[in-house]
Amino acid sequence: MNNSMTVYINGQPLVVAAGTSAAAALAIAGIDATHFSVTGMPRGPVCGMGICFECSATIDGRPRQRTCQIVCRPKMEIRTDDKV
Ligand code: FES
């Protein structure tokens with residue numbers, strides 16, 4: 001049984017354990033901001049439980065997904081805001 005998988009963060013491969021959230025994968029990759037606020041401030045995970053939406057990123061082409069609520073799947077593509 002294989003307990004790891006490769007996901008892609010801004011095009012870069014990252015091997016994560018099964019059950020890793022997309023937010024955790026971003027943290028493992030050293031990325032602490034996923035997008036910018038309307039005032040231009042970098043934003044990243046705050047609550048870790050799906051309420052604040054501060055962890056939003058594009059996942060498999062779907063924008064504004066809460067990365068703390070999504071478990072990594074093999075070959076998942078996670079993209080942060082281009083300005084981050
Ligand atoms: S960290 Fe708050 S919704 Fe994801």
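The values are calculated or read from the model by the stated rules, or taken from the named source; none is laboratory data. What you see is a predicted model; the values in this text were computed from it and never measured. Every residue, glycine as well, gets a Cβ built from its backbone with ideal geometry; the counts of neighbours run over all protein chains shown. Remember, those area values only see protein heavy atoms, side chains included, never the ligands or the DNA or RNA. Shrake-Rupley method; radii C 1.70, N 1.55, O 1.52, S 1.80 Å.
Working note: 222 nm ellipticity from helices only, DSSP H runs with n ≥ 4, each -39,500 (n - 2.57), summed and divided by the residues of the chain, gives -2000 deg cm²/dmol to the nearest 500. Each residue was assigned an accessible area with a 1.4 Å probe, and for Val46 the value is about 110 Å². Database remark: amide H of Ser21 closer than 5 angstrom to the amide H of Cys72 (H placed geometrically; neighbours at sequence offset of 5 or more, or on other chains; Pro and chain starts carry no H). Protein heavy-atom accessible surface, 1.4 Å probe, per residue over region 1-77: 61 Å².
Taking Lys and Arg as +1 and Asp and Glu as -1, the other residues whose beta-carbon sits under 11 Å from that of Arg79 total -3. Within region 8-84, the trypsin sites (Lys or Arg not before Pro) that combine a DSSP coil assignment with at most 10 other C-beta atoms in a 10 angstrom radius are Lys83.
Applied to region 4-15, the Karplus parametrisation 6.51 cos²θ - 1.76 cosθ + 1.60 on θ = phi - 60° returns per-residue 3J(HN,Hα) values of 9, 8, 9, 10, 10, 10, 6, x, 9, x, 9, 8 Hz, with x for Gly and Pro. If the Kirkwood radius is taken over C-alpha pairs of region 35-84, then at 4 °C and 1.567 mPa s the Stokes-Einstein diffusion coefficient equals 116 µm²/s. Working note: Debye formula, equal point scatterers on the alpha-carbon atoms of the chain, no solvent; log10 I(q)/I(0) at q = 0.14, 0.21, 0.23 Å⁻¹ is -0.40, -0.89, -1.06.
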